[in-house]
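The values are calculated or read from the model by the stated rules, or taken from the named source; none is laboratory data. A quick note: this is a predicted structure, and the numbers were derived from the prediction, not measured. Cβ atoms come from the backbone with ideal geometry, glycine included; neighbour counts cover every protein chain shown. Ligands, DNA and RNA are excluded from the accessible area calculation, which covers all protein heavy atoms including side chains. Shrake-Rupley method; radii C 1.70, N 1.55, O 1.52, S 1.80 Å.
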Amino acid sequence: MIKKFIVIGSLISLLWGCQETTPPPTAIEPLPLPKQVEWQKMETYAFVHFGLNTFNDMEWGFGNADPAIFNPQKLDCEQWVQTFVNAGLTGVILTAKHHDGFCLWPTKYTDYSIKNSPWKDGKGDVVGELAAACKKYGIKFAVYLSPWDRNHAEYGRPEYVEYYYNQLEELMTTYGDVFEVWFDGANGGDGWYGGANETRTIDRKNYYNYPRLHQLIDSLQPQAIIFGDGGPGCRWVGNEQGWANPTNWSFLRKDKVYPGYEKYQELRSGHPDGDKWVAAECDVSIRPGWFYHENQDSLVKSPETLTDLYYRSVGHNATLLLNFPVNRDGLIHPTDSANAVNFYNKIRKELSVNLLKGITPKVSDERGKAFAATNLTDDNYDTYWATNDSVVQASIEFSFAQPQKINRLLLQEYIPLGQRVSSFSVEMWQNNQWEPVVIDEETTTIGYKRILRFETINTSKLRVVIHEARGAALCLNNIEAFFAE
Ligand code: FUL
């Protein structure tokens, strides 16, 4: 008898052991680098446009404005950063140099900088002050260094490219870690160019020797994500309004998308057959302009508009880069801070009580204990539910003790193993049967994060049905549902 128990016992532990060692699903390329996953988790972060344009009431300075006009009386980078922290923004990207060529740090490579402004008698450093404020308040810091330079006499010639590399190197070695480096796509055209006052066009694909630039950044700041129209770290989303398409793959086709690429559809949706991982970043200004203009004080985006953009950026598998035009005093205008903070509070309120927390969903397939359905609701990013190989259609069903009002659903794929889902739907239990939840956008991709908004339903059961996916198995790490009043 005892022997029998021992045999059964060892059989059980053998089976248990087998389950424990079920290997994870094979990763499906293209894959994000670990730093791209960390970057995407930042979700919302700030942009700051500030410089001579602020004092000239312009968007694109010609490159000939006198540095003497740069004289903010109350500049306080801590005020900016406190606003960002209160608005839930996890980092900030500063226009260290915009197209007019004026530098917000005392670079040794040109006189066209704050060194020659009256601000702090030419001894100030906006880049340094902002980097220090970010450190103090615990958010990340990054820079925008415009490739186009309408001030520089050599712009368009090889000499300017060397100058540009020197500036970049200076920034990358003086101010500590940056999380991103932003390369703008607007390049070449008319400008001051040291007095030549003419139009200069460049070959946008080759002039800057981007591969060399990328190597420089990788060697000095290996954790930094490089932004560009075609990446390589993250991509422009093809509009400056702060939204991505609901169908949004984090892939692009290698070498097909380059600075100045004009197929916006591909930037907005990625490419399902892309072979490199370049997730989208949605940039938008809280005001109509990127730079401060007093006549836009009444045109600051409302918390409601920003909330809508959040759902269409972060909720569409992208990040949201929200710009603050710092004013002539050197401060973020009170309306901008109030709206940004109220936006954050609104999002937090809408997504505060996760109705699925701790519920173990009933799933149609499960890869074994390490990949159990409980991983979908355990609040741990790195545990995920997975299906067995060759199972890409599955249902995930949640039952509630009492009917629940629901109007938001948040889904996440475990992207370290790739982005897979290409079609899914949501259903509710109504009149003793499953009925579709009406969602007025495509339910195709999920990616790092997808958030759906829909008319309030009242149901005792909710299920997500996955119809199609790339690769041989499904890997989702999180599902949440909310009722936003
Ligand atoms: C654009 C620039 O031309 C704008 O001035 C702004 O910096 C925006 C973020 O990118 O391409």
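Miscellaneous remarks
- Looking across Asn239, Asn245, Asn187, one residue alone is more than 16 Å from the ligand (Cβ to nearest atom) and assigned to a loop (DSSP other than H, G, I, E, B). It is Asn245.
- Members of segment 125-164 found to be in contact with a strand residue (DSSP E or B) (Cβ under 6 Å, 6 or more places away or on another chain) and over 20 Å from Gly185 (Cα atoms), listed by number: Val127, Leu130, Ala131, Cys134, Ile139, Lys140
- Taking the listed residues Glu397, Glu413, Glu350, the one that is out of contact with any helix residue (DSSP H, G or I) (no Cβ under 9 Å at 6 or more places or on another chain), among the charged types (D, E, K, R), open to solvent by less than 60 Å² (accessible area, probe 1.4 Å) and under 19 Å from Ile451 (Cβ atoms) is Glu413, with no other qualifying.
Here is a yes/no grid of residues against (1) part of a helix (DSSP H, G or I); (2) at pLDDT 95 or above:
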| position | (1), (2) |
| --- | --- |
| Gln265 | yes, no |
| Cys282 | no, yes |
| Arg287 | no, yes |
| Leu299 | no, yes |
| Leu309 | yes, yes |
| Arg312 | yes, yes |
| Leu320 | no, yes |
| Ile332 | no, yes |
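- Meets criteria (over 20 Å from the mean Cα position of the chain (by Cα) and in the same structural domain as Trp119 (by TED's automatic domain parsing)) for Ser313: no
- Pairs meeting the criteria (first residue in segment 52-75 and open to solvent by less than 10 Å² (accessible area, probe 1.4 Å), second residue among the basic types (Lys, Arg) and more than 13 Å from the ligand (Cβ to nearest atom), beta carbons under 8 Å, at least 6 apart or on different chains) are Thr54/Arg328; Pro72/Arg328.
- Which listed residue, of Ser337, Ser352, is of a type in the set (Gly, Ala, Ser) and part of a helix (DSSP H, G or I): Ser337
- Count - residues of segment 274-297 that are over 15 Å from the mean Cα position of the chain (by Cα), more than 16 Å from the ligand (Cβ to nearest atom) and either assigned by TED's automatic domain parsing to the domain that holds Leu410 or more than 17 Å from Arg328 (Cβ to Cβ) (or both): 3
- Number of residues in segment 55-75 that are outside any loop (DSSP other than H, G, I, E, B) and of a type outside the set (A, V, I, L, M) equals 3.
- Some residue of segment 147-168 being within 16 Å of the ligand (Cβ to nearest atom), open to solvent by 20 Å² or more (accessible area, probe 1.4 Å) and either assigned by TED's automatic domain parsing to the domain that holds Val81 or not polar (S, T, N, Q) (or both): yes
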